[in-house]
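Structure first, commentary second.
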Amino acid sequence: MSVNESLARNCYHPADDAHIELRQLLSDEQAALLEKVCPAGLFQRDANGRVKVHVEGCLECGCCRLIAGSNILQSWRYPLSGAGITLRFG
Ligand code: SF4
């Protein structure tokens, strides 16, 4: 099973508020780091080079929090109860 097939088996319950927020001005190095660390590929640069995070598909693994830290992330928390990912196995 490919990674994308495996990710597609998960069930997501979007929250009203984003549980991950980025700092406003990120360098190219910081943007590249975010793109590299997220196993779900949720950090992407737009046409202007500004980084966006698509939190709806978050695996809540914490990799971005551990590796990027507070210089890059404004905030990171788990989604509120009832929102976020539900893992499916098998
Ligand atoms: S917690 Fe994991 S899946 Fe979610 S944005 Fe960070 S690295 Fe990606």
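The values are calculated or read from the model by the stated rules, or taken from the named source; none is laboratory data. The shown structure was predicted, so the numbers you read here are calculated from the model rather than taken from an experiment. Neighbour counts run over all protein chains shown; Cβ positions are idealised from the backbone, glycine included. These accessible areas exclude ligands, DNA and RNA; they are computed on the full protein's heavy atoms, side chains included. Shrake-Rupley method; radii C 1.70, N 1.55, O 1.52, S 1.80 Å.
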Under a 1.4 Å probe, counting only protein heavy atoms, S27 has an accessible area in Å², nearest 10, of 50 Å²
Rounded to whole Å², per residue accessible area for the chain with a 1.4 Å probe reads 69 Å²
Along the charge dipole of the chain, pointing to its positive end and built from +1/-1 on Cβ of Lys, Arg, Asp and Glu, which listed residue (N48, L59, A32) has its Cα farthest out?
L59
If every alpha-carbon in the chain counts as one equal scatterer, what log10 I(q)/I(0) does Debye give at q = 0.15 1/Å?
-0.58
Whole-percent carbon and sulfur share, accessible surface of the chain, 1.4 Å:
50 percent
Sort L34, L22 by accessible area with a 1.4 Å probe, largest first.
L22, L34
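Counting Lys and Arg as +1 and Asp and Glu as -1, each charge on the Cβ, what is the dipole of the stretch 3-86 about the Cα centre in debye, to the nearest 20?
Details: 8 positive and 10 negative charges, 25 e Å.
Approximately 120 debye in magnitude.
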